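The values are calculated or read from the model by the stated rules, or taken from the named source; none is laboratory data. Just so it is clear, the model here is predicted, and its values are computed rather than measured. Glycine gets a Cβ as well: all are built from the backbone with ideal geometry, and neighbour counts include every protein chain shown. All accessible areas refer to the heavy atoms of the entire protein, side chains included, with ligands and DNA or RNA removed. Shrake-Rupley method; radii C 1.70, N 1.55, O 1.52, S 1.80 Å.
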Amino acid sequence: MIRLGLWLVISGGREALTRLVVLATAVGLGVGLLLTAVAATNAAVTWNSRHGWFWTGTSSVPVGSETTGIAPLWWNPSADTFDGQAISRFEVAATGTSSPVPPGISHDPGPGQYYASPALAALLRSTPADRLAGRYPGRLAGVIGDAGLPSPDSLVIIIGRTPAQLAHTPDSAKVTSIATAVPGNIGGQVNPKGLEYIPPDPGGGQGAVDLLLSVVALALLTPVLIFIATATRLSAARREQRFAAMRLVGATRRQVSLLAATESTAAGVAGVAAGFAIFFGLRIPVAGIPFIGQPFFPAELALSPADILAVAIGVPVAAAVAARLALRRVRISPLGVARRATPPPPRAWRVLPLLAGFAELGFFTVHGKPTSPSGAALAFVPGFALIIVGLALAGPWLTMAAARIMARRTSRPGTLIAARRLADDPRGAFRAVSGLVLALFITTVAVVGITTWNAQQRNVRVSAAEANVLTDQVADQQPGSASQAGAGPAAPAAPLAAELSGIHGVQGVVVVRAVPQLTIRGGFPNLGGTGPVPAGVVSCAQLATVPVLGRCPAGATAAAFPADGFAGPLYGVDATGITWPAANVAATRLDSLAVDAINVMTNGTVPAVEQARTVLENAHAYAVSLGDGVPSTVGELIAQSNPTNSGYEQLANTVILVSLPIAGCTLAAGIAAGLADRKRPFSLLRLTGARLATLRGVVALESAVPLLAVAAVAIGTGFGAAAMYASLEIQHPMVAPGAAYYLITAGGILVSLGIIAATFPLLARITGPEVARNE
């Protein structure tokens, strides 16, 4: 029977060959998308794990203690910025030939050498030295290999120093091994030294990343799996008729089932082969898409042996199982198929999984989620999975309920026909729109979640002029600084200010001097709070060149100014209208005071900002802690202040942009399959006098009613699930999305209705009288 089935598939005439090609193409497209989604998830995990060595030194070997046989490596991680791009900087000093070596390089760089990532090496070559290369001592010894980089676009540099240099550099540590994994719970978005941001996650650490990727994978894979399931059912009614005819001429149930399984398996195998070809064709273009803010290495967009076996075996097996299930009426009675026996209506129990999903999320909303990231995954993933499965199961029952309501409230022939057909086969009607319904649920959860997250964060806005101020909070790196209630060492700021002022594009320089115990009393507008603010002193002549920082009282030569500056009370504050209190410090005495901060007003151009940044970094050779000491523009500080939000938004956009088109493909395939299966009934209706316009209305209602009815439930479900997620994970009341969400939703529904209308020309061609005669 298997040979007969294969012969019928290959030599069964034009119809059989066309059916095989259509099935294989549809399954191939679905499999290609499935493989791409799985590989992208694997790449995201690899991308995160490649940040592991950035965390070297978080549990360092104390100075003076050594592991037997391993020479310690002096390790000092820091951060830098160029044109808004984060640069991960590591200064190392080997104490022997056995010192550990970071991944991607063959040996530790010696003094006067450095290794750079390919992207940073190209940037160093294309940028004048006074804007970037002048910050790094020595010469380029080589490039860092892929093994040491999370992404092709990563900007990383490893600089060689002497042990004596790093021994006297703050925050240096001696290590005897290089970290290989991101800590399980980091409690934040950046590592302790302000290096490149690790993947966006709700709670920090690898466990939270696993939670986020699990939810994203669930949201991406579900529409793809639905599309594959829809594709395997193309021409299902036509196949039922053929196999019922075989039963009538004497074929046994087992023989018919084996023939059906053989045909579906052959289409599934061909589709899997086409899917792998599509995946390898999409691999390089997809790797270049910055789904998580950076592109992937194409080699990381890989499939594990388990993934390959699961798809290569699972899809054909699923196709064979689906074929056997589709023939359940044939197995019971071949005449039952010929007479189109109405299947039993769906029962109300189908809504139970949906309610169970809400109950699961509601339980944790009331009692609190587990504290561990793995526990949080167990709290969220099953709940959302139950809701998604519940929507798929409840859809036919909701479709049947909507059809019955429609039948009771209309007397128009076309509407009555559509309502009766929907009530007779609500499963088939919902199957065509199920992908879009779930895509709307996913879109709602993603958009509402990111909107609520945005509302929780501080909404910081500054003027364009203030965004161009380059600030260097020097005192944050000095243990005795004014911000720490003590005076730091004096610094020769006058020559530095003169050098900065000579840069083309620099419009003014304000040096904040440290004065112990000096404060500004509360009451200044926009500073927030009423308590005293630690202060330094600025020259009124310098302050006049940077009006966005405020002004001095008339006749004053020096004024008190917030010591922590843009790292503290001035963050996000419009200081233009503030008059700072006069300080009783002579202008001649200012140069003798320690430097607390330096603020440089630029015109915002890359040459001006980067040249000034290079001058500041070379003037203050200190280790950067938590990013506070990186000379940064105010605009950069604001842009980098909420990386979690940016990552969430990036992933939400990815989920939306992927799920909606796949849902559209599912809708198109489902409607086309439905028309092909119903061409004989429609042709008979036309022979009895039904107008083509009436049949078009029937087709439109059969697709639009389940779409609109279940979509309304899916959107409401999405809001409910997002509200519980917001309360539980974001710890903020749900915030309604903006107009963009409603435009996306309305646009998706309108496009779907357009896809339905696009099938009308096909309806005219397949409902002619010759169809009824030939069937």
Index of the failed condition, PRO77 passing every other in (1) under 30 Å from ALA668 (Cα atoms); (2) modelled with pLDDT of 85 or more: (1)
Would you check which residues across region 549-586 are part of a helix (DSSP H, G or I) and open to solvent by 20 Å² or more (accessible area, probe 1.4 Å) and list them? ALA567
Leading residue by the ranking (farthest from PHE54 (Cα to Cα)) among those in region 142-180 that are crowded, with 20+ Cβ neighbours inside 10 Å and charged (D, E, K, R): ARG161
Note down all Cβ pairs under 6 Å where the first residue falls in region 90-114 and is modelled with pLDDT of 90 or more, the second is of a type in the set (Phe, Trp, Tyr) and open to solvent by 20 Å² or more (accessible area, probe 1.4 Å), and they're at least six residues apart or on different chains. ALA93/TRP74
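So that you can scan it fast, the table gives a plain yes or no per residue for (1) polar (S, T, N, Q); (2) assigned to a strand (DSSP E or B):
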position: PRO111; (1), (2): no, no
position: TYR115; (1), (2): no, yes
position: ALA121; (1), (2): no, no
position: LEU124; (1), (2): no, no
position: PRO152; (1), (2): no, no
position: ILE157; (1), (2): no, yes
position: ALA164; (1), (2): no, no
position: THR169; (1), (2): yes, no
position: LYS174; (1), (2): no, yes
From the list VAL511, VAL546, which residue is open to solvent by less than 50 Å² (accessible area, probe 1.4 Å), at pLDDT 80 or above, of a type in the set (A, V, I, L, M) and touching a helix residue (DSSP H, G or I) at 6+ places or on another chain (Cβ under 8 Å)? VAL511
Could you check region 688-715 and list, in sequence order, the residues that are under 30 Å from the mean Cα position of the chain (by Cα) and open to solvent by less than 40 Å² (accessible area, probe 1.4 Å)? LEU707, ALA709, VAL710, ALA711, ALA714, ILE715
Quick check on this structure: which one of ASP596, ASP591 is open to solvent by 10 Å² or more (accessible area, probe 1.4 Å) and either modelled with pLDDT of 85 or more or more than 13 Å from ASN468 (Cβ to Cβ) (or both)? ASP591
Which one is surrounded by the fewest Cβ atoms within 10 Å (Cβ to Cβ), of the residues in region 282-299 that are in contact (Cβ under 8 Å) with a residue 40 or more places away in the chain and closer than 14 Å to GLY32 by Cα? LEU282
Outside any helix (DSSP H, G or I) and not β-branched (Val, Ile, Thr) - does that describe any residue in region 34-50? yes
Residue among ALA639, ALA583, ALA559 that is over 20 Å from VAL506 (Cβ atoms) and at pLDDT below 80: ALA639
So THR97 ticks every box in (1) buried (at least 22 other Cβ atoms within 10 Å of the Cβ); (2) part of a loop (DSSP other than H, G, I, E, B) but one. Which box is left unticked? (1)
Only residues that are open to solvent by less than 10 Å² (accessible area, probe 1.4 Å) and at pLDDT 80 or above: list them for region 369-395, please. GLY383, ILE387, GLY390, LEU391, ALA394, GLY395
So GLY138 ticks every box in (1) modelled with pLDDT of 90 or more; (2) touching a strand residue (DSSP E or B) at 6+ places or on another chain (Cβ under 6 Å); (3) not acidic (Asp, Glu) but one. Which box is left unticked? (1)
Which residues, counting only those in region 604-619, are open to solvent by 30 Å² or more (accessible area, probe 1.4 Å) and over 18 Å from PHE566 (Cα atoms)? THR605, VAL606, PRO607, GLN611, ASN618, ALA619
